[in-house]
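The values are calculated or read from the model by the stated rules, or taken from the named source; none is laboratory data. Everything numeric here is computed off the predicted structure, so don't read it as measured data. Positions of Cβ are generated from backbone atoms using ideal geometry, with glycine treated the same way; all protein chains shown enter the neighbour counts.
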Amino acid sequence: MLFTSYRFIFLLIILFITYYLIPKKYQWILLLIVSYLFYSLAGIKSLVYIMATTVSTYIISWKLNVLQTRQTDYLKQHKQELSREERKSYKAMMKGKQRKWLVLCLLFNFGILAVLKYTNFTFDNINSVLDLLNTDRKLPVLGLVLPLGISFYTFQTMGYIIDVYREKYSYEKNIFRLALFVSFFPQLVQGPISRFDDLKETLFEKHPYIAENISFGLQRILWGFFKKLVVADRMLIAVNTIVRNPDEFQGIYVVLGIFFYAITLYADFTGGIDIAIGIAQVLGIRLKENFERPYFSKSTTEYWRRWHITLGTWFKDYMFYPISVSKSMLNLSKKCRAKFGDEVGKRIPVYIASIVVWFTTGIWHGAAWNFIVWGLLNCLVILVSQELTPLYTKFHERFHVGHTFWYRLFQVGRTFWLMGLIRILDCYRDVGTTFRMYGTIITKMNIGELFNGGFMKLGLMLSDYMVLMVSVILLLIVSLLQRKGSVRRQLARKPLMIRYATYFIIFLAILIFGAYGVGYDSGQFIYSQF
Amino acid sequence: MIRKILINISVITLAIIILALLQELFMPKYMSSIHEGNLVEEYYDEVKEHDVIFIGDCEVFSNVSPITLWENYGITSYIRGSAQQLIWQSYYLLEETLNYEKPKAVVFNVLSMKYNEPQKEAYNRLTLDGMKLSKSKISAVKASMMEDEQLITYLFPILRYHSRWNELSGEDFKYLFDKDKLSHNGYLMRIDVKPVNVIPKGRKLADYSFGDNSYDYLDKMTKLCKENDIELILIKSPSVYPYWYEEWDEQMVNYAKENNLTYINFLDEAEEIGIDYSKDTYDGGLHLNLSGAEKFTDYFGSILSNEFHLPDHREDARLKEIWDKKITFYYSMEEHQRSELEKYGYLKSYGAQAQEKEDER
């Protein structure tokens, strides 16, 4: 069910009213029922997968807890008898047992994700190899349907089981509470990817009616709808026209496509997150922020700290660090230090972990080479930037430009375009086409064409461009205001009539200028397909 | 506290007023073209006292002239028809009409029996947007919606028409609060002529049976009329297009026999009526023009008067006063159309060009 569908809005209204009318101790149960209802409306068969993940994670977290309790009890009981070495070896033995259960859980759940998401991609690649070998045998394309939000809830749940394994917190004893953590509907479509210790209190506690939560939550939902319906879905028309007709739209159109897609994806993804966080806030639940004005970043590393924050931190905590400080990696680093020197040796674990993380990030976004290349290009840019940092520092010191406004603006622009250039890989049908289009930016000089009716070929009218221009300026102003703190708090200090007028104008803008209904193909959020 | 409540109430009221105004503004006005879009809503301004209610598609609103029926037989009538009005829309419009008045006879043109499923959102809108909110309207919408349509967009049409923001014209503002009357008791007048060039042959169909859905609604219509002691008359109005198959006709004959109804196929009686397809149609045989409609109405009027004994009200002073005004409007429009034809060679203000484009499609 689309966040932007009438049915969803109707469901929300009913939920908001019921939520504050029922006894507070049942609020989380209502959320669980609604989350499963929401999920079942996206496809009743998908329920099997989310339930399998929930049950398997519950059983294994319980098993981990049993082993951890047994270890604690044993060590307590035999405190006097065991030597330090014996205690250490006992702990290692128990950790090994726990690891087996953890691996089983990870294999099972990532296995579901892998089979559903990557089987056809793998078969497709094998078939390409078979083609090269001139064999007639082909692997079939399977009719696998990717359940809604599987990439998000699998990562969230696996983060939980790893934390339980690491004894960061104890397992959740109530399977229904765990089920709500896994399936909480606002974050199911496209995140944010929550951590159990962040969410458990706010999710299960009793929530009294607090007017500020309702007001701020609704404002955020409204703002999310504005971004999605007025900006993203309208601009997507032009993006699709450009990327689906690569033979027609080249050169300056590719640049335009990069710019438009940057805005589209930002408005779409942050809009969806605003709606998710807003819904949670109305319910009194706090979700993690997923963005921090990413297009104001001055470097790619900073950009990735501010874009899709919860995915980035997930990879950092559950993949990058475990790989880079693993025993085998430390051994490798040691060997490399001995052979190539300290400078190279210390970089090896970081490089390998980075490549693995970015490869996985790429393929997490989609089972296609575009996404793999997208991930690896990001990795390349980040590693090269890191290597060039001393050079940049020298340059800044020599020319005293590091802190000037114009230089920072240059850095912001450079990061925006660099990321945009890589991001457009999402859109073209394959890697080859994307690189061909990169080439046309240099080889095809057709700026004049753009101002000679070119804009009007992209499926938008002049009036659409006007709406987009005003909306994007508004997004920019709001982002600038956010630097001083919550815009909703700033607005709350204004006179009542100004506040009401602001809400109503945004509502009207969505109602009138929203790209929904007949004539528009208002679709799923882009990230919900990842 | 009270001040805050009052402010909130005022703000909500103001917001509702603005939204209602915007909704009216964005609704298509159908004043300069596609006049059919206004037919359904014009009924609500009527004095609802009619002997006959005609229901059906363009074959009633183009082919039957209630003014002729009044002038020649003193029968009061109204046409509740619109473009490609499907049978379930006809049924619910009839159901709604019976909440306002109890006619002596209902005439249903059976062409729409051939459509067993919703066809096109645009045609749904022409019929349903004009209906006042009622249980009948909701049922009609539910029965008519295409797969990608939503009930809420019929209840709050701004959700459908919001994208007209960049095509609003002077017409939208001019007719924001009040629209000119365009029909004559549901009859859409056209005096221009486009003769029939080709007599079509029916394409062979795999199955000639009318669908279950169509029969269900015809059954409902029959039941509704019987319950209200109304004579239901089934007709097939004279036209050259769309082709009316023998097999379809047979099914209607049988249905009428089984349900003790009258069914008249006027296609067979075109000659007797006096219809000359080189003069009496404005679009090559799909619809009759004024001349054809008056001939057909006069012929059908004598049946209604003689066989169904519908009363002559021409001596009723109160009704006469009402109908005199209608007659004046009728002839003034005819005159206006004649002057437009002379001046431009086509009916500029009556959607003639729009019709041409639609035909080309």
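Brief remarks follow.
- Here the helices (runs of 4 or more DSSP H) wholly within region B:96-158 that include at least 2 residues being touching a helix residue (DSSP H, G or I) at 6+ places or on another chain (Cβ under 7 Å) and β-branched (Val, Ile, Thr) are B:152-155.
- Residues of region B:162-191 that turn out to be farther than 21 Å from B:Leu25 by Cβ and small (Gly, Ala, Ser), as a count: 2
- Within region A:174-201, if we keep just the residues that are in contact (Cβ under 8 Å) with a residue 60 or more places away in the chain and assigned to a loop (DSSP other than H, G, I, E, B), the residue that is farthest from the chain's Cα centre (by Cα) turns out to be A:Phe184.
- Residues of region A:113-163 satisfying the condition of being surrounded by fewer than 20 Cβ atoms within 10 Å (Cβ to Cβ), hydrophobic (A, V, I, L, M, F, W, C) and not in a helix (DSSP H, G or I): A:Leu133, A:Leu139, A:Val141, A:Leu142, A:Leu144, A:Val145, A:Leu146
- Residue check for B:Val47: in a loop (DSSP other than H, G, I, E, B), more than 10 Å from the chain's Cα centre (by Cα) and either surrounded by 24 or more Cβ atoms within 10 Å (Cβ to Cβ) or of a type in the set (Asp, Glu) (or both): no
- Condition check for B:Asp57: among the charged types (D, E, K, R), farther than 14 Å from B:Glu294 by Cβ and touching a Lys or Arg at 6+ places or on another chain (Cβ under 6 Å): no
- Of all the residues in region B:159-212, those that are hydroxyl-bearing (Ser, Thr, Tyr) and in a loop (DSSP other than H, G, I, E, B) number 5.
- Any chance B:Leu25 is under 11 Å from B:Leu176 (Cα atoms), surrounded by fewer than 19 Cβ atoms within 10 Å (Cβ to Cβ) and within 11 Å of chain A (Cβ to nearest Cβ): yes
- Failed criterion for B:Leu93 (all others in (1) within 14 Å of another protein chain (Cβ to nearest Cβ); (2) under 15 Å from the mean Cα position of the chain (by Cα) hold): (1)
- Counting only helices (runs of 4 or more DSSP H) that sit completely within region A:267-347, those holding 1 or more residues that are without any contact (Cβ under 8 Å) to a residue 12 or more places away in the chain, among the polar types (S, T, N, Q) and not assigned by TED's automatic domain parsing to the domain that holds A:Thr154 correspond to A:309-315, A:327-340.
- Within region A:261-287, the set of residues being β-branched (Val, Ile, Thr) and under 13 Å from the mean Cα position of the chain (by Cα) comprises A:Thr270, A:Ile273.
- Members of region B:81-106 that are under 19 Å from B:Asp298 (Cα atoms) and surrounded by 23 or more Cβ atoms within 10 Å (Cβ to Cβ): B:Val106
- Filter result for the condition that a residue is closer than 18 Å to A:Leu481 by Cα and either basic (Lys, Arg) or surrounded by 19 or more Cβ atoms within 10 Å (Cβ to Cβ) (or both), over A:Tyr303, A:Tyr266: A:Tyr266
- Qualifying residue in region B:1-19 (condition: at pLDDT below 90, within 14 Å of another protein chain (Cβ to nearest Cβ) and not in a helix (DSSP H, G or I)): yes
- Taken over region B:186-240, the criterion of being out of contact with any Phe, Trp or Tyr (no Cβ under 8 Å at 6 or more places or on another chain), closer than 21 Å to B:Ala105 by Cα and acidic (Asp, Glu) is satisfied by B:Asp216, B:Asp219, B:Glu227, B:Asp229.
- Failed condition for A:Asp197, given (1) in contact with a Gly (Cβ under 9 Å, 6 or more places away or on another chain); (2) closer than 30 Å to A:Ile59 by Cβ: (1)
- Residue match in region A:491-500 (condition: β-branched (Val, Ile, Thr), more than 17 Å from B:Leu22 (Cβ to Cβ) and not in a loop (DSSP other than H, G, I, E, B)): yes
- Candidate set: region B:142-169, residues that are more than 7 Å from chain A (Cβ to nearest Cβ) and basic (Lys, Arg); chosen: the one surrounded by the fewest Cβ atoms within 10 Å (Cβ to Cβ): B:Lys142
- Some residue of region A:497-515 being in contact (Cβ under 8 Å) with a residue 12 or more places away in the chain, on the phi > 0 side of the Ramachandran plot and either within 14 Å of another protein chain (Cβ to nearest Cβ) or surrounded by fewer than 15 Cβ atoms within 10 Å (Cβ to Cβ) (or both): no
- Each residue in region A:493-530 was checked for being aliphatic (A, V, I, L, M) and modelled with pLDDT of 90 or more, and 9 of them qualify.
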